[in-house]
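Participant: My questions will all concern the structure given below.
Values quoted throughout were computed directly from the atomic coordinates according to the rules given, and no laboratory measurement underlies them. Here the structure is a predicted model, which means the values were calculated and not measured. Glycine gets a Cβ as well: all are built from the backbone with ideal geometry, and neighbour counts include every protein chain shown.
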Amino acid sequence: MTNIRNIVVLTGAGISAESGIDTFRDAGGLWEQHRVEDVATPEGFARDPELVQRFYDARREAVRKVSPNAAHEALARLDAEWEGDLLIVTQNVDDLHERAGAKRVLHMHGELLSALCSRCEARHRWSAPLLGQPSCPGCGEQALRPDVVWFGEMPYEMDRIYAALHRADLFVSIGTSGAVYPAAGFVREARELGARTLELNLERGEGSYWFDESRQGKAGKLVPEWVSQILDT
Ligand code: BV8
């Protein structure tokens with residue numbers, strides 16, 4: 001892949017599936033076990049905060065028990081060796097990219113290992129349960145919520161993401177169904193800005209039409225292959 005200097009990689013739940021983290025829409029996925037509007041909206045949190053805190057406490061616990069897989073490790077290698085721009089934009093709230101060693105990571109939908117105070121808006125690295133309403137270390141109020149972006153809320157650092165898309169020569173999407181916006185619109189943005197676009201996914205996603213190339217298979221196999229293709233040739 002000649003004259004590629006600046007890369008944006010978008011990842012979704014599919015990249016963490018082989019680590020044992022449930023995806024959302026696949027059979028037996030999170031959205032089969034819980035109603036989105038109950039656990040991933042501000043209205044759901046207002047209606048039943050305990051249900052929502054329990055949902056995210058369980059996911060925070062589950063992430064602690066799993067490890068990064070070969071796809072996370074391959075992206076960490078790319079991050080360490082790629083001299084050009086690289087931004088790994090993840091929709092995932094787990095910390096597997098960072099535990100694999102990747103540094104240039106942006107969590108556009110937030111993180112399980114962070115708590116947000118709805119009163120003073122401070123953010124705190126957080127690994128304990130939020131059920132039982134611990135007080136905010138900043139303002140002391142019992143107003144902590146999971147630091148994740150719920151439906152209807154603005155994703156984080158959109159300006160940094162669009163700036164990277166504007167500079168990108170290559171946009172790669174890994175393990176995402178392309179069902180949730182604005183992330184699902186990035187491929188068209190990147191394409192219209194002249195970048196080459198590549199999809200690596202178990203099956204074609206909803207936006208597959210917009211990719212120059214789409215490779216189907218497991219991320220644990222496709223991502224190491226792609227990374228060595230771009231670093232070693
Ligand atoms: C917003 C955090 C205003 C919490 C999440 C335009 C059109 C229509 C609707 C909208 C629109 N614009 C906005 C909306 C509304 C809404 C939306 O998109 N609704 C959808 C359902 C239609 N969007 C919002 O509300 C967003 N906010 O728009 O604010 C705005 C507008 C413009 C610009 C700025 C702001 C906020 C959305 C964020 C919600 N929070 N997560 C939590 O995690 O609990 S979304 C959550 O679901 C994830 O973060 C992720 O984004 C999404 C799940 O998708 P995937 O990660 O792709 O997972 P999925 O299970 O679907 O697919 C897995 C894929 O992996 C599959 O394709 C499978 O084949 C593949 N796979 C499986 N195993 C493997 C694999 N691939 C490779 N290897 C494997 N082993």
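Participant: Convex hull over the Cα atoms of the chain, averaged projected area in nm²?
Facilitator: Working: hull surface 48.9 nm².
For the Cα atoms of the chain, the hull's average projected area reads 12.2 nm².
Participant: Using only helices, what value at 222 nm comes out for the chain when you add -39,500 (n - 2.57) per DSSP H run of length 4 or more and divide by the total residues, to the nearest 500 deg cm²/dmol?
Facilitator: Numbers: 9 runs with 77 residues, N = 233.
-9000 deg cm²/dmol, from helical runs alone.
Participant: Rank these for me by crowding, ASP26, ASP79, going from fewest to most other beta carbons within 10 Å. Each step should come with its number before you reach the end.
Facilitator: Values: ASP26 16, ASP79 20.
Placing the least packed residue first, the sequence is ASP26, ASP79.
Participant: Cα-Cα pairs above 20 Å in the range 139-233: how many percent? Don't skip to the end; give the middle numbers.
Facilitator: Working: 2135 of 4465 pairs.
Result: 48 percent of Cα pairs exceed 20 Å.
Participant: What are the ³J(HN,Hα) couplings of the range 84-99, residue after residue, when phi is run through the Karplus curve with 6.51, -1.76, 1.60 and θ = phi - 60°? Round to Hz, x for glycine and proline.
Facilitator: x, 5, 8, 10, 9, 8, 10, 8, 7, 9, 7, 10, 6, 4, 5, 5
Participant: Give me the distance between the Cα centres of the range 158-192 and the range 61-98, rounded to whole Å.
Facilitator: What the calculation gives is 17 Å, centre to centre.
Participant: Have a look at GLY194, VAL172, MET154 and report the one farthest towards the positive end of the charge dipole of the range 153-233, computed about the Cα centre with Cβ charges (Lys/Arg +1, Asp/Glu -1).
Facilitator: After comparing all options, I get VAL172.
Participant: Sort 214-221, 67-74 by packing, meaning the average of other beta carbons within 10 Å per residue, with the highest value first. Walk me through the numbers on the way to the answer.
Facilitator: Details: 214-221: 16.8, 67-74: 22.0.
Highest mean packing first, the order is 67-74, 214-221.
Participant: Quote the charge dipole size of the chain about the Cα centre in Debye, to the nearest 20; the model charges only the Cβ of Lys and Arg (+1) and of Asp and Glu (-1).
Facilitator: Values: 26 positive and 36 negative charges, 51 e Å.
Computed about the Cα centre, the dipole is about 240 debye.
Participant: Would you pull out the residues with amide H under 5 Å of LEU106's amide H, same chain only if 5 or more places away, H placed 1.01 Å from N?
Facilitator: So LEU106 has HN proximity to ILE88, VAL89, THR90.
Participant: Search the structure for amide H atoms under 5 Å from the amide H of THR197, placed 1.01 Å from N in the peptide plane, and list their residues when 5 or more places away or on another chain.
Facilitator: PHE171, ASP212, GLU213
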